[in-house]
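The values are calculated or read from the model by the stated rules, or taken from the named source; none is laboratory data. In this text the structure is predicted, and so the values were computed from the model without any measurement. Counting neighbours? That spans all protein chains shown, and the Cβs are built from the backbone with ideal geometry, glycine included.
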């Protein structure tokens, strides 16, 4: 037999009330049942805990020592219960997020900041991954939430709309294209490109469309971030195609010009994927709902 929380609570109540009868009344139990619990507790601990008299019950020296330990144990168990309820309700938790660089650099900083401010006891573990890896990670339970540029895939996940970004052509201010207000992709292919790393959704998209046009996509250099991409364009190593909102941050400082990419596919849908919306842990569900609310608030009609 092991010590159980109920017996400890009853022991504390007896000491506080001064008798088994009073403790039984407070706990809405039969006095015989309470007495049996204490007898079993004394048997397990192999020591007398209470001195029973006609006036009631008083703790022995061992009982006084147990009283302090029992109160700490019961308090710890109560705290454990409260914290687990917090996890169940989403007030505490860990959300594992894989997201592509477009989402991380454009939208997630402000969305994460407001989420963590509203839910300070939830931790978000964010890792930058390309779109295909993010979706696969969610399907394999390596991540709770994936944020990716929407593409056709066969992974068993559920997807929800998040944000929209629009691609622009990025050139130096002295580039021949800099004076144009819009440019077709076929015209941009006349020049060498600074591209993102192999496997990025932008590279895959541009490579596919260049192939459809029967034109080469000449990648002079590839980088891992949009800040590096803009620096390389500024250094004259090529032109680039990148999300418009993002490159606005670098264009003026680096003497770059953004030109509208005059293609229907230049508008890209960023989506959130999860294994199952209905089976999401509470904290992850709160996070997904927050992302969608933030995206809605940013829309001009909101």
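Within the range 143-157, can one find any residue that is in contact (Cβ under 8 Å) with a residue 24 or more places away in the chain, assigned by TED's automatic domain parsing to the domain that holds residue 200, crowded, with 23+ Cβ neighbours inside 10 Å and farther than 25 Å from residue 267 by Cα? Yes, the conditions are met somewhere in the range 143-157. Is there a residue being loosely packed, with under 14 Cβ neighbours inside 10 Å, over 24 Å from residue 118 (Cβ atoms) and touching a helix residue (DSSP H, G or I) at 6+ places or on another chain (Cβ under 7 Å) anywhere in the range 266-286? For the range 266-286, residues loosely packed, with under 14 Cβ neighbours inside 10 Å, over 24 Å from residue 118 (Cβ atoms) and touching a helix residue (DSSP H, G or I) at 6+ places or on another chain (Cβ under 7 Å): absent. Contact map, the range 191-213: first residue surrounded by fewer than 17 Cβ atoms within 10 Å (Cβ to Cβ), second residue part of a helix (DSSP H, G or I), Cβ cut-off under 6 Å, separation 6 or more or different chains; pairs are 213/186.
Name the residue that is surrounded by the fewest Cβ atoms within 10 Å (Cβ to Cβ), counting only residues in the range 159-176 that are in contact with a helix residue (DSSP H, G or I) (Cβ under 7 Å, 6 or more places away or on another chain) and within 30 Å of residue 138 (Cα to Cα). Residue satisfying both the conditions and the ranking: 166.
Could you check the range 35-145 for strands (runs of 3 or more DSSP E) lying wholly inside it with 1 or more residues that are at positive phi?
Passing ranges, in order: 56-59, 93-99.
Yes or no, residue by residue, for (1) modelled with pLDDT of 85 or more; (2) touching a strand residue (DSSP E or B) at 6+ places or on another chain (Cβ under 6 Å):
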site	(1), (2)
18	yes, yes
47	yes, no
50	yes, yes
54	no, no
71	yes, no
90	no, no
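Total residues in the range 222-236 satisfying the condition of being surrounded by 16 or more Cβ atoms within 10 Å (Cβ to Cβ) and in contact with a strand residue (DSSP E or B) (Cβ under 7 Å, 6 or more places away or on another chain): the figure is 8.
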